[in-house]
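Visitor: Okay, handing you the structure first.
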Amino acid sequence: MKLKLEALSPAEGIGILRAGQTLRLVRPPYSLHESPVLAEKSLRDAILMYGYFASQEQFSSWEEVIDFLNRQAVESRRALGKEIPESIAGADILEVAPVEVLSAFLDRVERELIPRRVFDHAENFLLALLASSALTRHPAVGSRAAKLLQHTKEARECAEAAVSKLASRDVRFESLERHRMLEVCAELAEIIRARGSVFAPCS
C-alpha cells in the first residue's frame with residue numbers, strides 16, 4: 001500500500017500520513033502504536049491553524065516515511081541555523097563578536113528559528129549568549145536574549161499543545177470523546193506511564 005504524506009512540520013519531524021483511507025499523526029519516537037488515527041478535519045486544521053506544510057510525498061514503507069521525516073528535521077535545522085552557532089566551545093565567538101553581529105544572530109532567532117520551530121537550536125544559542133561575558137559589554141543584547149528565551153519557551157509550549165490537540169482527536173476513541181472522557185483517560189495514561197505500573201504505590 002502506498003503511503004502519502006499529506007502535511008508535515010519539517011523542523012519537528014512530524015507528519016500527517018494517509019494509508020489507504022486512514023490518516024495518522026506520525027511523530028517521534030515513530031511508533032505505529034503511538035500514531036493516532038485522525039479525522040479529515042484534523043488535516044485541514046493542521047495546515048490552516050497549526051502551521052503545517054501541505055505535502056505530496058509518497059512512500060512504499062513506514063521506514064521510508066520515518067527516514068524522510070528525520071532528514072527533514074535535520075536539514076531544516078541545519079539550513080536555518082548554519083550561521084548561528086548552536087553550541088559555543090569555550091569563549092570564542094560570543095566573547096569577541098561586536099554588538100551588530102550579536103543583534104543579527106538575535107534577529108535570525110526571532111524571525112526564523114522560532115517561527116519555524118527550531119526550538120532546541122534557538123535555546124542553545126540564547127543560553128550560551130546569556131552565559132557569556134558579552135552581556136557586560138552589551139546589556140541591551142542580554143535583555144533581548146532573555147525575552148527571546150521566554151518567547152521560545154512559549155512557542156515550544158504552543159507547538160506541543162497543537163500536537164497534543166491533534167493527537168487527542170484519535171478517532172479510535174470517538175466514544176470517549178463523545179462522553180468527554182478522552183482528556184481524563186489521557187491524563188490517567190500519562191500518570192500510569194510515569195509511574196511504570198497500573199497499580200498505585202502503597203501508602
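The numbers here are math on the coordinates, done by the rules we state, and not lab data. Everything numeric here is computed off the predicted structure, so don't read it as measured data.
Visitor: Can you work out ³J(HN,Hα) from phi for every residue in the range 59-76, in order, using Karplus 6.51 cos²θ - 1.76 cosθ + 1.60 and θ = phi - 60°, giving whole Hz and x for Gly and Pro?
Guide: 9, 9, 8, 4, 4, 5, 4, 4, 4, 4, 5, 4, 5, 4, 4, 5, 5, 5
Visitor: Karplus couplings for the range 129-139 from phi (6.51 cos²θ - 1.76 cosθ + 1.60, θ = phi - 60°), rounded to Hz, Gly and Pro as x?
Guide: Calculated HN-Hα couplings, in order: 5, 5, 8, 8, 7, 4, 5, 6, 7, 9, x Hz.
Visitor: List the residues, sorted by chain then number, that are 5 or more residues from Ile14 or on another chain and whose placed amide H is less than 5 Å from its amide H.
Guide: Amide H to amide H, under 5 Å and 5 or more residues apart or across chains, Ile14 pairs with Ser9.
Visitor: Looking at the range 1-47 from every direction and averaging, what is the projected area of its Cα convex hull in nm²? Write out the running numbers ahead of the final one.
Guide: Numbers: hull surface 12.9 nm².
So the Cα hull casts an average projection of 3.2 nm².
Visitor: What lysines could a cross-link reach from Lys165, if we take a straight Cα to Cα line under 16 Å and drop same-chain neighbours fewer than 8 places away?
Guide: Lys41
Visitor: Next question, about the same structure. Between Leu23 and residues 5 or more places away or on another chain, which pairs have amide H atoms under 5 Å apart, with H built 1.01 Å from N, and which residues are they?
Guide: Hits under the 5 Å cutoff: Leu38.
Visitor: Another question, then. Could you give the length gained on full extension between Leu32 and Ser164, defined as 0.36 nm per residue of separation minus the Cα-Cα distance, in nm?
Guide: On the way: separation 132, 0.36 × 132 = 47.52 nm, distance 1.64 nm.
Gain in length upon complete extension: 45.9 nm.
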